[in-house]
Each structure stands twice: as C-alpha cells, then as structure tokens.
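The structure under discussion appears below in the form of structure tokens.
The values are calculated or read from the model by the stated rules, or taken from the named source; none is laboratory data. Because the structure is a prediction, the values reported are computed rather than measured. Don't worry about glycine lacking a Cβ; one is built from the backbone with ideal geometry, like all the others, and counts go over all protein chains shown.
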Amino acid sequence: MFNTYAQALDWIHSRLRLGIKPGLARMNWMLDRLGNPERKIKTIHIGGTNGKGSTVTFLRCILEEAGYRVGTFTSPYFEQFNERISINGEPISDEDIVKLANIIKPLADELEQTELGGPTEFEIITAMSIYFFGKIDTQVDVVIFEVGLGGRFDSTNVIHPLLSVITSIGLDHTNILGHTYQEIAMEKAGIIKNGVSAISGVKQPEALAVIKNTAHEMDAPFYGAAEQFFITEQSSLPKGERFSVSSPFGVYDGLEVGLIGKHQTENASLAIMASQVLCHYFSFQISETDIRGGLAKAYWPGRFEVLSEKPHVIIDGAHNEEGIIALVNELKTRFNDKRIDILFAALKDKKLVNMVSSLDTVANSITFTQFDFPRAAMAEELFYLSSASAKEKTEDWKAFLDEKIVHLKPGELLVVTGSLYFISEVKPHLHKILKNKL
C-alpha cells in the first residue's frame with residue numbers, strides 16, 4: 001500500500017523500464033478485473049501525430065462553455081503529473097493519485113505473473129484514468145481521451161467513443177508505427193470504430209485515403225478537413241488567430257483563438273466539427289456562443305507560448321519535423337524583423353537532421369543543449385548536425401539562460417524548443433529568471 005503521493009509516483013514511473021509494449025490484452029485484463037469501468041463513461045477519442053493536445057483543449061473548452069463537466073486524459077504532463085487526469089482543466093488531487101495507485105498495483109502484480117507480463121507505465125496511468133471516471137468521479141458528462149502512441153494498439157483503444165478524431169499524420173515514432181504515411185495512417189486509423197463518426201484533419205493524399213477507406217469499411221460517417229468542412233478565411237492576430245469555418249451543420253465567421261499559428265485554426269476546426277457531431281447525433285446542447293467563447297478561452301501551455309515580451313521569450317513544444325516546420329513558418333511570418341536566437345534540445349529518436357536544418361533557416365544563432373531524460377540527444381551530437389554559421393553547444397542550459405536573459409536586447413527574440421519534456425523543465429526556470437529581472 002502507498003501512503004504518500006511520492007511513493008505512488010515512484011511506483012508508476014518505475015514501470016517506465018518496461019518500455020512500450022503495444023497490444024490491448026493487458027488493458028482488457030485489468031479492466032475486466034475492475035468491473036469494466038470503460039463501459040460506464042461517454043468518451044471522445046483523439047489521435048494523430050501533432051495537434052492532439054490543442055484539439056482536446058479546444059473541444060474541452062467548448063463543452064465547458066456549454067455547461068458540461070468534462071474529463072480529460074492527456075500526455076505527457078507539462079508541469080505536474082496529475083494534469084494527465086483532469087476535470088474541466090483542473091488536475092485531480094494527490095490523494096486521488098494515491099487511491100488509484102493502490103487500486104491498480106495489486107492487479108499489476110497479479111498480471112505480472114501471467115503470460116501477458118506486467119503492464120507498462122502508460123497502461124497503468126490509462127487504467128487509473130478509466131477507473132477514476134468510471135467508478136470514482138461518476139459526475140463527468142463526457143471524457144476526452146488523447147491517444148498516447150499510434151492508435152490501433154494504444155492502451156486508450158479499449159474505449160467505445162461517441163466519436164473519433166484524427167488530427168494529422170506525420171513521420172514520427174517510425175521505429176514503432178512504420179516508415180511511410182500510409183503505414184502510420186493505418187495505425188492511427190485503428191481508433192475508428194464500427195458505426196462511430198470519424199473526423200479527420202489529415203492532409204497527405206496517401207494517408208487520407210487509408211483513413212477514408214477504414215471509415216468506409218467500418219461504416220463510420222466521415223468528416224474530412226477541406227472535404228466536408230472548410231476553413232474559409234484565416235488571418236493572424238497579435239496574440240492569436242482569426243478564422244471562419246463552414247461545415248454541413250453551419251457556418252461560423254470571425255472566430256478567434258488565443259493559441260498562435262495557422263495550425264491552431266485547423267485544430268480548432270476539428271473541435272468545432274466534433275461539437276456539431278455531438279449536437280446532431282447525441283443531443284448535446286452547444287450554441288454558437290458556446291463555440292466562440294470556448295475557443296477564445298482555450299489555453300494550452302508550451303505551444304508558441306510567449307513567456308515575456310520585454311525581454312521577448314517564447315517556448316514551443318515542437319518535438320518532431322512537422323512541429324518544427326510549423327514553428328519556423330510562424331517565426332518567419334511574425335518576426336522576420338527580429339533577431340532570432342534559438343535554444344534547442346530534443347530526443348535522439350526524432351528526425352534530428354531535418355529538424356535542425358529547418359531551424360537553421362530562421363535562426364540568427366542557435367545553441368544546442370541536452371537535458372536529463374533517458375532518450376535525450378547529446379548537445380555535441382546536435383551541434384554537428386547544424387550548418388549554421390553562428391552555433392554553440394552547452395551541457396548547462398540553466399547557466400546559458402541565466403546569462404542570455406540578462407543580455408537580451410529589444411529587437412531580439414529567444415525561442416526555446418525541441419521537446420515538450422525539455423520545455424516543461426525550462427519553463428519554471430525561465431519564470432524564476434524573468435521574475436528576478438523584472
């Protein structure tokens with residue numbers, strides 16, 4: 001039995017050594033023993049390479065604005081582990097984590113003795129979230145589950161959702177999911193269920209064909225971006241985006257979001273489409289005012305997040321090639337008149353050559369570093385991938401930032417990026433430096 005939050009977290013994180021073990025057998029075994037709590041909750045399933053977290057947030061905020069109590073299961077956490085299981089954006093308590101760990105641990109120990117083997121860290125956290133919403137806090141109206149990795153064999157794929165959303169397809173986690181857009185799309189499309197509406201923001205024709213074909217085979221009503229629903233206009237605001245959306249269920253002009261980047265309007269359009277499907281097929285009561293209000297209030301940390309304007313500091317969790325390209329495009333659009341200095345760290349299993357070469361095109365100077373994480377790339381390795389004329393490397397990113405913030409001048413912009421895990425460590429340190437400077 002765990003008596004403290006620290007003990008519970010230590011046990012959960014100790015399962016990380018088991019790595020990634022695709023397959024649903026261990027999840028189904030645990031859920032059967034728990035009395036199948038997944039059958040007691042209304043769920044929405046959101047998968048895709050990039051944009052999952054933002055789409056979850058937009059949809060949650062729209063539903064909240066309409067008066068619904070919304071659970072979310074997301075990953076990774078940004079500042080606090082409990083964020084992974086939240087209600088209306090508020091993480092569950094430390095006491096709830098201890099209670100859930102004490103419920104799941106005996107099952108994990110028993111499962112370890114079977115031919116299935118012990119559950120992974122992510123399987124344990126997924127089981128905790130499903131049990132929490134199915135058996136402990138049964139007052140939630142709907143729970144949005146974000147896929148962890150892939151879809152078909154992801155541990156969240158034990159739910160039977162009201163609708164499924166696939167945000168985008170990118171060449172990430174190729175060692176597990178496949179090396180082509182088609183192969184990865186096949187894995188992502190695994191969350192599409194028989195007769196359950198599927199909403200897609202996927203752009204690549206070869207990936208889209210896989211998803212549409214899967215929906216057709218599953219007799220799932222399909223709503224695709226630029227096919228069934230459209231962004232009809234889009235423009236940048238100083239602190240967000242303005243856009244309009246047209247769909248079979250209605251037209252919304254002059255919508256605004258506070259998250260920066262054209263890709264965020266695409267994520268928001270998926271949330272709008274999901275809201276409309278919930279209204280038309282499941283009698284949810286969501287007005288245009290709710291949609292506008294929810295989108296305007298949506299906040300998701302670490303996504304082109306401006307920590308300070310004087311000095312000008314932005315953190316962005318771009319952690320794969322597609323994310324870096326979106327970041328670079330936004331920097332070129334918004335800050336082509338500024339000197340841009342970049343601090344970059346990443347995980348070594350990413351397409352680092354492409355990520356670094358994209359950043360080289362926009363950086364006036366780029367500094368490579370490393371952080372304390374099992375799969376983090378070394379600063380020296382990253383440094384040699386860059387063809388930038390002004391490049392540096394440091395193993396001590398804290399000392400670099402301490403010095404950099406002090407000397408950042410007007411007209412200069414510091415961007416910290418490369419990994420959500422990295423910027424989740426950087427953000428509190430930057431807050432501390434900026435507070436002292438101001």
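Summary of computed values
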{"read-out": "Some residue of the range 201-222 being surrounded by 21 or more Cβ atoms within 10 Å (Cβ to Cβ), assigned to a strand (DSSP E or B), under 21 Å from the mean Cα position of the chain (by Cα) and not basic (Lys, Arg)", "value": "no"}
{"read-out": "Options 154, 172; residue that is assigned by TED's automatic domain parsing to the domain that holds residue 57, over 22 Å from residue 25 (Cβ atoms) and either outside any loop (DSSP other than H, G, I, E, B) or among the charged types (D, E, K, R) (or both)", "value": "172"}
{"read-out": "Residue tally, condition touching a strand residue (DSSP E or B) at 6+ places or on another chain (Cβ under 6 Å) and within 16 Å of residue 264 (Cβ to Cβ), over the range 303-330", "value": "8"}
{"read-out": "Any hit, the range 299-321, residues being crowded, with 20+ Cβ neighbours inside 10 Å, part of a helix (DSSP H, G or I) and assigned by TED's automatic domain parsing to the domain that holds residue 430", "value": "yes"}
{"read-out": "Residue check, residue 138 part of a loop (DSSP other than H, G, I, E, B) and either closer than 19 Å to residue 36 by Cβ or not assigned by TED's automatic domain parsing to the domain that holds residue 41 (or both)", "value": "yes"}
{"read-out": "Matching residues in the range 323-371 - criterion: being over 20 Å from residue 305 (Cβ atoms) and of a type in the set (Ser, Thr, Tyr)", "value": "357, 361, 365"}
{"read-out": "Qualifying residue in the range 234-243 (condition: in a loop (DSSP other than H, G, I, E, B) and either under 25 Å from residue 74 (Cβ atoms) or outside the structural domain of residue 332 (by TED's automatic domain parsing) (or both))", "value": "yes"}
{"read-out": "The range 334-350: number of residues that are within 24 Å of the chain's Cα centre (by Cα) and more than 21 Å from residue 421 (Cβ to Cβ)", "value": "1"}
{"read-out": "Test result for residue 46, more than 30 Å from residue 318 (Cβ to Cβ), in contact (Cβ under 8 Å) with a residue 24 or more places away in the chain and touching a strand residue (DSSP E or B) at 6+ places or on another chain (Cβ under 6 Å)", "value": "no"}
{"read-out": "Hits in the range 175-195 - residues which are modelled with pLDDT of 80 or more and not in a loop (DSSP other than H, G, I, E, B)", "value": "181, 182, 183, 184, 185, 186, 187, 188, 189, 190, 191"}
{"read-out": "Helices (runs of 4 or more DSSP H) completely within the range 352-438 that count 3 or more residues being over 25 Å from the mean Cα position of the chain (by Cα)", "value": "379-385, 397-407, 420-437"}
{"read-out": "Meets criteria (in a helix (DSSP H, G or I) and not assigned by TED's automatic domain parsing to the domain that holds residue 141) for residue 293", "value": "no"}
{"read-out": "Tally of residues being touching a His at 6+ places or on another chain (Cβ under 8 Å) and over 20 Å from residue 301 (Cα atoms) across the range 316-345", "value": "1"}
{"read-out": "Any hit, the range 207-216, residues being touching a Leu at 6+ places or on another chain (Cβ under 7 Å) and modelled with pLDDT of 95 or more", "value": "no"}
{"read-out": "Matching residues in the range 322-351 - criterion: being in contact with a Leu (Cβ under 7 Å, 6 or more places away or on another chain), under 16 Å from residue 414 (Cβ atoms) and in a helix (DSSP H, G or I)", "value": "328"}
{"read-out": "Residue match in the range 154-175 (condition: of a type in the set (S, T, N, Q), over 23 Å from residue 76 (Cα atoms) and surrounded by fewer than 18 Cβ atoms within 10 Å (Cβ to Cβ))", "value": "no"}
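Quick grid of which residues meet (1) under 19 Å from residue 288 (Cα atoms); (2) within 17 Å of the chain's Cα centre (by Cα); (3) surrounded by 15 or more Cβ atoms within 10 Å (Cβ to Cβ); (4) without any contact (Cβ under 8 Å) to a residue 24 or more places away in the chain:
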residue: 189; (1), (2), (3), (4): no, no, yes, no
residue: 193; (1), (2), (3), (4): no, no, yes, no
residue: 224; (1), (2), (3), (4): no, no, yes, no
residue: 233; (1), (2), (3), (4): yes, no, no, yes
residue: 262; (1), (2), (3), (4): no, yes, yes, no
residue: 266; (1), (2), (3), (4): yes, yes, yes, no
